[in-house]
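Participant: If you scroll down you'll find the structure; I have some questions about it.
The values are calculated or read from the model by the stated rules, or taken from the named source; none is laboratory data. No experiment lies behind these values; they were computed from the predicted model shown. Neighbour counts are summed over all protein chains in view; Cβ atoms, including those assigned to glycine, are modelled from backbone coordinates with ideal geometry. Ligands, DNA and RNA are stripped out before the accessible areas are found, and what is left, the full protein with its side chains, is counted by its heavy atoms. Shrake-Rupley method; radii C 1.70, N 1.55, O 1.52, S 1.80 Å.
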Amino acid sequence: MNEKLLTIVVPCWNSEDYMCRCLDSLVEGGDQVEVIIVDDGSTDRTGEIADNYAQIYHNIVKVIHKENGGHGSGVNAGLAAATGTYFKVVDSDDWLDDEAFDHLLGNIEKFTDMKKKDSYATIPDLFVCNYIYDHLDEGITQQMAYRNVFPAEQLCGWNTIGHFHPSQYLVMHALVFRTDVLRRADIHLPEHTFYVDNLFSYQPLPLVEHIYYMDVDLYHYYLGREDQSVNEKVLMKRIDQQIYVTRLVSQCANLDEVAKKHPKLAVYMRRNISIMMAISSIHLLLINTPEAYQKRKQLWQDIRKRNAALYYQLKYRTLSGLTYLPGKVGGKLTIGGYRLANRIYKFQ
């Protein structure tokens, strides 16, 4: 069996209606790719479909059948079993673009060959690619790119990057980490919890030294299912999980230490916490109950108690502060801004 350049983990739970679209795009990578389908306690034909792919593509596809533990549990299981030099997560309702995928594999092969010839050669700790918000059923797409942040097709580090726009964040869809970086970061995502992709995309960043950006639209992020975790009504129902992950993200790195080595990265990571605080605050406002308002107040108080400097930066120097405006007028302004941003960027 060929050495695997890339492990792609596909967490699946009751995904029979759409997983084939995803898997068909992944097996195009051929024998250099390891596709690990994690059947997370499905009760439909997901496990059967996964086993069929493993039988047909026996040099590419592996299947893990496990009890239900949620998306994070699936990523954990896939990472534990991964043998590829690099690692990516693809959700079972999403897919990869064929040409961009081939280009990514070509670059991974180029760098791994360099490393074999010269053990001191520098290779990327992180590949970054564009992704597409794909409202497939409506025929609407929205590209999310990073060409203003990273130079295309060349190695760079955190201290030489550009500036992120307010709408730009390093989300899971855009990232391909070296597997070793994820293991050194001790990635272990909470089980039975949504929104853990935020932690996956954030926690390893201080261990990343070398970044390689490819200005190609690799990942198609499907939007349109009513049960998706980013759906506004669903997110409101799961707000406690969103708050929990927000707290985990805010606690998993010492930004003062990060700033000593990579000041631009520390700025970005602080902004990342800011957007998560904003999402939690906005959806608690949308719930519009006394309990929700208390949770919003408690979330901010917890930040202040744990890290006063971070609290004041979030409240007075970042976007999240605009979601914690006092009174009913402040709440209406916050929700109005959120609705406008959604119309522009179509992230739901």
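Participant: Given Cβ point charges of +1 (Lys, Arg) and -1 (Asp, Glu) and nothing else, what value in debye, to the nearest 20, does the dipole of region 6-223 about its Cα centre take?
Facilitator: Its charge dipole is roughly 980 debye.
Participant: Each residue of region 65-72 in order: what ³J(HN,Hα) in whole Hz does its phi give by Karplus 6.51 cos²θ - 1.76 cosθ + 1.60, θ = phi - 60°, with x for Gly and Pro?
Facilitator: Listing the rounded values in order: 9, 8, 5, 4, x, x, 4, x Hz.
Participant: Can I ask one more? If I model a spin label as a point 7 Å beyond the Cα along the Cα-Cβ vector, how far apart are those points for Val27 and Gln294 in nm?
Facilitator: 5.3 nm
Participant: For Val38, what residues show an amide H to amide H distance below 5 Å, using hydrogens built from the backbone and excluding near sequence neighbours?
Facilitator: For Val38, the qualifying residues are Val10, Cys12, Ile64.
Participant: Still on this structure, I have one more. So, with a 1.4 angstrom probe, what is the percent of accessible area on the chain that is carbon and sulfur?
Facilitator: Using a 1.4 Å probe with all protein chains present, the chain comes out at 51 percent carbon and sulfur.
Participant: Can you list residues whose amide H is under 5 Å from Val89's amide H, if they're 5+ apart or on another chain and H is modeled 1.01 Å from N?
Facilitator: Val9
Participant: Using the Cα centre of the chain as origin and beta-carbon charges of +1 (Lys, Arg) and -1 (Asp, Glu), tell me which of Tyr120, Ala50, Cys22 is placed farthest towards the positive end of the dipole.
Facilitator: Comparing the listed Cα positions along the dipole, Tyr120 ranks first.
Participant: Also, I was wondering about something else. Just grab the label-to-label distance for Tyr312 and Arg183, each label 7 Å out from Cα along the Cβ direction, in nm (one decimal).
Facilitator: A separation of 4.3 nm, rounded to one decimal place.
Participant: Indicate the gyration tensor shape class of region 78-176 (rounded, prolate or oblate), computed on the Cα atoms with a ≥ b ≥ c the square roots of the eigenvalues: a/c under 1.5 is rounded; otherwise a/b larger than b/c is prolate and the rest oblate.
Facilitator: Cα axes put region 78-176 in the oblate bin.
Participant: Structure shown: which of Lys115/Lys261; Lys237/Lys261; Lys66/Lys110; Lys88/Lys115 lie over 29 Å apart, alpha-carbon to alpha-carbon?
Facilitator: Flagged as over cut-off: Lys237/Lys261; Lys66/Lys110.
Participant: Along the charge dipole of region 6-223, pointing to its positive end and built from +1/-1 on Cβ of Lys, Arg, Asp and Glu, which listed residue (Met214, Cys12, Gly70) has its Cα farthest out?
Facilitator: Working it through, the farthest residue towards the positive pole turns out to be Met214.
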